[in-house]
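Inspection log for the structure reproduced underneath, given as structure tokens.
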Amino acid sequence: MSEHERRRPVGRVKEVTSLSNPLVKDIKALALKKFRDQNNAFMAEGLKLVIDALDLGWEIRTLIFAKAGRGNPAVEKVAARTVAAGGDVLEVSEKVLSSITRRDNPQMVVGVFSQRLVPLKDIRPANRDVWVALDRVRDPGNLGTVIRTVDAVGAKGVILVGDATDPFSLEAVRATMGSIFAVPVARASAEAFLAWRKGFPGLVAGTHLKGAVDYRSVDFSGKPILLVMGNEQQGLPDDLAASCDRLLRIPQAGRADSLNLAVATGVMLFEIRRDALKLEASP
Ligand code: SAM
């Protein structure tokens, strides 16, 4: 075999059409948190996402692509990168891809990656870093949307406090639209978070429906900010609320009691990052 042939991924591609194939069964099992945790792995859908993940240095274990992707130069390139990284490449039928992603019209490409979390002790905020702490976030769509928004405003990352939904579930990863690969995520118990918070060198800004301070009246400039957001049903518990330097409120009109968690986080982040975000100068 020539060097060229050896480097071509096509020869290393396994074709799979059966739903009972053990490789397919293992990948499908990643829909369950138990198996994601056991294997320290998760799935991400879409060619662009997989390319971004590889560019950002995430470890790919398996690339799965639909038959329709055969001959597509971008898919072949990603397949070659997967093989070069020591991963497997599976070419599967549309039926298999639908069952892996639980979607009728699945993306052409799915990647299985190793999970990556940042240890809380390694987070040492400085300068104007902005971190978001989410207390017991329940909804994977909210978590994914917050991760995407953190990415969009150029904040540093997300700390999941207490019993949180899994950032590596298919639904959460989908809602991040790829930002799961760009935004560091840490997990901590409430106790570990409260201990770490004591060393936080800037302003710890909690949000609370009983907050007495209008979020627009606060000077967020020139220091690290830790934005603390409450659980969807219960809001912030007393100990977390007491650990905040300020408890801020977003004024509301109308009949709604509160804002959706991800919306409230977005409103806060755009205010905190107001001075840092600029439209590019028009020509
Ligand atoms: N029933 C909950 C409560 O009593 O707090 C509602 C929680 S709300 C859906 C989720 C989180 O979003 C809140 O804990 C808070 O962090 C934030 N939030 C929502 N609306 C807010 C507002 N108007 N002002 C400040 N924070 C708000």
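The values are calculated or read from the model by the stated rules, or taken from the named source; none is laboratory data. Model, not experiment: these values are computed from the prediction. All Cβ positions, even for glycine, are placed from backbone atoms using ideal geometry, and neighbour counts span all protein chains on display. With ligands, DNA and RNA removed, areas are computed over all heavy atoms of the protein, side chains included. Shrake-Rupley method; radii C 1.70, N 1.55, O 1.52, S 1.80 Å.
Values computed for the structure shown
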read-out: Additional length obtainable on full extension of the chain from Lys14 to Gln234, 0.36 nm per residue less Cα span; value: 74.3 nm
read-out: DSSP-defined antiparallel bridges as percent of all bridges, the chain, nearest 5; value: 25
read-out: Cα lying deepest toward the dipole's positive end in the chain, options Leu54, Ser93, Gly222, charges on Cβ; value: Ser93
read-out: Per residue accessible area in Å² of the chain, where ligands, DNA and RNA are left out and the probe is 1.4 Å; value: 51
read-out: Low-density loop positions, trypsin sites (Lys or Arg not before Pro), region 101-140 - DSSP coil, at most 13 other Cβ in 10 Å; value: Arg102, Arg103
read-out: Residue-averaged 222 nm ellipticity for the chain, from DSSP H runs of 4+ at -39500 (n - 2.57), nearest 500; value: -9000 deg cm²/dmol
read-out: Long-range HN-HN contacts of Asp88 with modeled amide H, under 5 Å; value: Thr62, Leu63
read-out: Extent along principal axes [Cα atoms of region 169-243; Å; largest to smallest]; value: 37, 30, 25
read-out: Contact order relative to length of region 120-272, as percent, for alpha carbon pairs under 8 angstrom and 6 or more apart; value: 29
read-out: Taking only Cα atoms of region 104-231, radius of gyration then Dmax in Å; value: 15.3, 50
read-out: Å³ per residue enclosed by the Cα convex hull of region 3-114; value: 96
read-out: Surface share of carbon and sulfur [accessible, 1.4 angstrom probe, percent] for the chain; value: 50
read-out: Relative contact order %, the chain, counting alpha carbon pairs below 8 Å whose residues are six or more apart; value: 18
read-out: Most fluctuating residue given options Pro224, Pro73, Pro201, as computed from a GNM of the chain linking Cα atoms under 10 Å; value: Pro73
read-out: Coil-residue trypsin sites (Lys or Arg not before Pro) of region 166-266, DSSP, other Cβ within 10 Å capped at 15; value: Lys198, Lys210, Arg255
read-out: Leu209-Ala68 pseudo-label distance in nm [points 7 Å out on the Cα-to-Cβ vector]; value: 4.5
read-out: Heavy atoms of Asp257: accessible area, 1.4 Å probe, square angstrom to 10; value: 130
read-out: Partner lysines for Lys67 [C-alpha distance under 19 Å; skip if fewer than 8 residues away on the same chain]; value: Lys14, Lys25, Lys28, Lys48, Lys77, Lys95
read-out: FRET efficiency estimate (nearest 0.05) - Cβ-Cβ, Ala29 to Arg116, R0 25 angstrom; value: 0.80
read-out: Probe 1.4 Å - accessible area at Asp37, Å² to nearest ten; value: 80
read-out: Kirkwood hydrodynamic radius of the chain, from inverse mean 1/r over distinct Cα pairs, in Å; value: 20.5
read-out: Modelled FRET efficiency - R0 51 Å, Gln38 with Arg274, Cβ distances, 0.05 increments; value: 0.75
read-out: Shape box of region 65-135 [Cα atoms, principal axes, largest first, Å]; value: 48, 30, 19
read-out: Hits among lysines - C-alpha to C-alpha of Lys121 under 25 Å, sequence gap 8 or more where chains match; value: Lys33, Lys156, Lys198, Lys223
read-out: DSSP bridge pairs, region 3-114: antiparallel proportion in percent, nearest 5; value: 55
